[in-house]
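Below you'll find the structure, written out as structure tokens, and then a few comments.
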Amino acid sequence: LNTLSLIYDFIKVIEIDRRELGNGPQEYQVYLNDLPGNDFNAIFRSLGSFDDMLKQQMGDDYGHCFVKGVPGSFYGRLFPSKHLHFVHSSYSLHWLSQVI
């Protein structure tokens, strides 16, 4: 799945820098968002093998990746304030044309 591939690439870059800086294991929280009518099941079924692959590729000092699905509209509040450190949106610009 493209979504998990992108998450893997982000974690890989962060892990390289973390290790160069000599920091300890990092835990990652990933929030996936989609409209409530869409189905997260395909991604969630892949998470076990995705986590195994991360552990295998990143080695023994890799922390863990927690993935959550957050259904909701792009125009409403989806996440707690002051909680997100990095945000990537590959599709939200499409919805900007829908502004009332």
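The values are calculated or read from the model by the stated rules, or taken from the named source; none is laboratory data. Because the structure is a prediction, the values reported are computed rather than measured. Every residue, glycine among them, receives a Cβ derived from its backbone with ideal geometry; neighbour counts consider all protein chains shown. Areas reflect the complete protein model, heavy atoms only, side chains present, ligands, DNA and RNA absent. Shrake-Rupley method; radii C 1.70, N 1.55, O 1.52, S 1.80 Å.
Assorted remarks:
Residues are listed down the side, and each one gets a yes or a no for (1) surrounded by 15 or more Cβ atoms within 10 Å (Cβ to Cβ); (2) more than 12 Å from the chain's Cα centre (by Cα):
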position	(1), (2)
7	yes, no
15	yes, yes
18	yes, yes
25	no, yes
34	yes, yes
37	no, yes
41	no, yes
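- Each residue in region 52-75 was checked for being over 16 Å from residue 14 (Cβ atoms), of a type outside the set (Ser, Thr, Tyr) and open to solvent by 80 Å² or more (accessible area, probe 1.4 Å), and 4 pass.
- Remark: pairs (first residue in region 1-29, over 18 Å from residue 61 (Cα atoms); second residue open to solvent by 80 Å² or more (accessible area, probe 1.4 Å) and of a type outside the set (Lys, Arg); Cβ separation under 8 Å; 6+ apart in sequence or on different chains) = 6/88; 6/90.
Conditions tested, residue by residue: (1) small (Gly, Ala, Ser); (2) at pLDDT below 75; (3) in contact with a strand residue (DSSP E or B) (Cβ under 9 Å, 6 or more places away or on another chain); (4) not in a loop (DSSP other than H, G, I, E, B).
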{"site": "44", "(1), (2), (3), (4)": "no, no, yes, yes"}
{"site": "50", "(1), (2), (3), (4)": "no, no, yes, yes"}
{"site": "70", "(1), (2), (3), (4)": "no, no, yes, yes"}
{"site": "82", "(1), (2), (3), (4)": "no, no, no, no"}
{"site": "94", "(1), (2), (3), (4)": "no, yes, no, yes"}
{"site": "100", "(1), (2), (3), (4)": "no, yes, no, no"}
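- Out of 28, 75, 62, sole residue that is outside any helix (DSSP H, G or I), in contact with a helix residue (DSSP H, G or I) (Cβ under 7 Å, 6 or more places away or on another chain) and modelled with pLDDT under 90: 62
- Residue check for residue 61: of a type in the set (Asp, Glu) and either on the phi > 0 side of the Ramachandran plot or under 14 Å from the mean Cα position of the chain (by Cα) (or both): no
- Tally of residues being part of a helix (DSSP H, G or I) and free of Cβ contacts under 8 Å to residues at least 40 places away in the same chain across region 31-42: 1
- Neighbours by Cβ (under 9 Å, 6+ apart or cross-chain): first from region 59-79, closer than 19 Å to residue 44 by Cα; second open to solvent by less than 70 Å² (accessible area, probe 1.4 Å) and of a type in the set (D, E, K, R): 64/51; 65/51; 67/51; 69/34; 70/34; 71/34; 72/34
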